[in-house]
Amino acid sequence: MIRPVHNPAGRQSTQMQHKDLADARADAGFAFPSPLPPIDHDPRITIVSGLPRSGTSLMMQMLSAGGMTVLTDGCRTADISNPAGYFELEAVKQTRTNTAWLTHAAGSAVKVIYRLLYDLPLNRRYRILFMRRNIGEVIASQRAMLGLLSENADGSRRLADIFTRELAQIDAWLAAKAQFQVLHVDHAQVLASPHATAEAVAAFLDRRLDLNLMCQAVKPALYRQKCR
């Protein structure tokens, strides 16, 4: 069952945020399209996407902490690899044949892995928060999650080539579709500058979110796979 998760305290405490969203856009240094209209009743759907282990769960955690409704079914529970939870919705995997979950998604955020973006119906409009992370770190994190102790250098290089090619393809596909607006969010920058990232995300979504609570969701200690 789809379970919308919402933190009403996030909306209330945003009254303490005095920074204008236009200033936030400039200060954060993010490049993205003009803001969407206010979305109290916005039919647009916010999609958090990217490679596996690129920071998609972290972004979902930030949105939820900031006061945005996120769609999750709780089927995949927190574990040592993701102690704050995965925030996933199993129905997303069946989007090609069953889009019923989209009827619950207007104005909310949902995690959709990058390969499944192609399955989203084009009769709706979407805002994409696309997480970017060093591909070497992504592969190392995936291997750690799977418990693979020894590294296969040739296999890692082939996987990196596949990821690089597929990311270029999805970038081109999204850019060609008017239904999508995309903000690319760098994983390393989230950890280094969580407040600037939170400001940029709130500005892109044109949404009042609790920036301080979003920052509190960022746990640098969980950044365990680093490329030096």
What distance in nm separates the two pseudo spin-label positions at ARG76 and LYS93, each 7 Å out from Cα along the beta-carbon direction? 0.8 nm
Using a simple spin-label model with points 7 Å from Cα along the Cα→Cβ vector, what separation in nm is obtained for GLN169 and HIS195? 4.2 nm
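Values in this text are rule-based calculations from the coordinates and carry no lab data. Keep in mind that this is a model prediction, so the values were computed, not measured. No Cβ is skipped: glycine too gets one built from the backbone with ideal geometry, and neighbour counts run over all protein chains shown.
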